[in-house]
Amino acid sequence: MLSEHGAKIAPSTFYEVRSRRPSRRQVRDAELVALIEAERERQKFIRRFGARKMWLHLRGQGHDVARCTIERIYRQQGWVGALRQRHFKPHPSDGSPRPVDLVDREFWAARPNQLWVADFTYVPTWSGMVYVAFVFDVFSRRIVGWRAATRMTTDLVLDTLEHAIWTRQQAGVTDLTGLVHHTDAGSQYVSFAFTERLVEAGVDPSVGSVGDAYDNALAESQIGLYKAELIRPEGPWRGVEHVELETLNWVDFFNNERPHQALADLTPMAAEELHYAAKNDLMPTG
């Protein structure tokens, strides 16, 4: 039949193809596809990994696999990582006095609890809008505090700050002197109650300029991951309880399992543990 349609092929070639066993590469690819599918099924947030993060994840699990192999398999399977979109900006304050900008877009820290950045976003649900606030430690990108609420008020960001302070207290950090807490110029963050609580905790408040798209860029970038990896792909959302539960799961995944490119592909928790281990090694003994 092939010959009748102009396909010049020898009988020996035809029978060889029919009886040919899968190559080593095909066998290995099939094993990797099964492995990746199992990981994606085990943890839904891993489904948001692109080829690079999946390669890092598999290497961390002890699998010896090349990055180019994972990239090729991703192309063949039509898999893609999470894609970001633009992030909601809260309304700026009314021009009342506010703390100065102590960061000036220098989102860098040499140690934990040197610089925190905070921001919040919104999640449309069937029962109304839900607002989710976060506090990130710039050194490790760790989420040290978060809170979900149905109202965009000062209480939302205050509760998030209290969570962050409590998180560090649980780790034995009771003195936050020298810590800078940076936000945009949203009215919740420049309120008297919020600034007073920062000062009470020994934290230096810092607020970016009004209308500056980069005044709190790191926090917005982190929240962009939250929207891309959880909120958009996992909706629709029923209400604040639904958002809270899934955010809790995502925060645990983000802090403990998700490699971060800015941290040399460490997780936030691993970056902090490595910092303190190195610090302890350098401390004099005796």
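Please list, short to long, the whole-number percent of alpha-carbon pairs of region 18-74 in consecutive 5 angstrom bins beginning at zero.
4, 19, 29, 25, 11, 6, 4, 2, 0
What is the Å³ per residue value for the convex hull set by the Cα atoms of region 107-219?
Details: hull volume 11.3 nm³, N = 113.
Given the Cα convex hull of region 107-219, per-residue volume reads 100 Å³.
Plugging the Kirkwood radius over Cα pairs into Stokes-Einstein for the chain, at a temperature of 25 °C and a viscosity of 0.890 mPa s, what D comes out in µm²/s?
113 µm²/s
Rounded to whole Hz and in sequence order, give me ³J(HN,Hα) for region 61-67 from the Karplus expression 6.51 cos²θ - 1.76 cosθ + 1.60, θ = phi - 60°, writing x for Gly and Pro.
Taking θ as phi minus 60°, the curve returns 7, x, 8, 7, 9, 7, 4 Hz for region 61-67.
Report for the chain the percent antiparallel among DSSP-assigned beta bridges with both residues inside it, nearest 5. Spell out each step's value before the answer.
Numbers: 18 of 26 bridges.
Beta bridges within the chain, antiparallel portion: roughly 70 percent.
Can you give the angle from 0 to 90° between the axis of helix 268-282 and the longest principal axis of the chain, with both taken from C-alpha atoms, to the nearest 10?
Helix 268-282 sits at roughly 70 degrees to that axis.
Where q = 0.12, 0.14 Å⁻¹, what log10 of I(q)/I(0) comes from the Debye formula for region 1-145, counting one point per Cα?
Here the Debye-derived log intensity ratios amount to -0.82, -0.98.
Could you give me the ³J(HN,Hα) list for region 9-24, computed from phi with Karplus coefficients 6.51, -1.76, 1.60 and θ = phi - 60°, whole Hz, x at Gly and Pro?
9, 6, x, 5, 5, 4, 5, 5, 5, 4, 9, 5, 7, x, 6, 4
With an 8 Å Cα cut-off and a minimum separation of 6 or more residues, compute the relative contact order for the chain in percent.
Details: 388 pairs, mean separation 50.6, N = 286.
Reported relative contact order: 18 percent.
List the aspartates and glutamates whose Cα lies under 14 Å from the Cα of Lys44, skipping any in the same chain that are fewer than 8 positions away.
Glu229, Glu234, Glu246, Asp252, Glu257
Based on the Cα atoms of region 159-256, what semi-axes does the equivalent ellipsoid have, where each is the square root of 5 times one gyration tensor eigenvalue, given in whole Å with the largest first? Could you put the intermediate results ahead of the total?
Values: eigenvalues 134, 73, 33 Å².
In descending order, the three semi-axes are 26, 19, 13 Å.
Run the reach check for Lys279 against aspartates and glutamates, Cα to Cα strictly under 16 Å, same-chain hits fewer than 8 apart removed. What comes back?
The qualifying aspartates and glutamates are none; the list is empty.
Kindly express, to the nearest 10 degrees and within the range 0 to 90, the angle between helix 154-170's C-alpha long axis and the longest C-alpha principal axis of the chain.
Tilt relative to the chain: about 80 degrees.
Every read-out reported here was derived from the displayed coordinates using simple, explicitly stated rules and does not represent laboratory data. Bear in mind the structure is a predicted one, so any value in this text is a computation, not a measurement.
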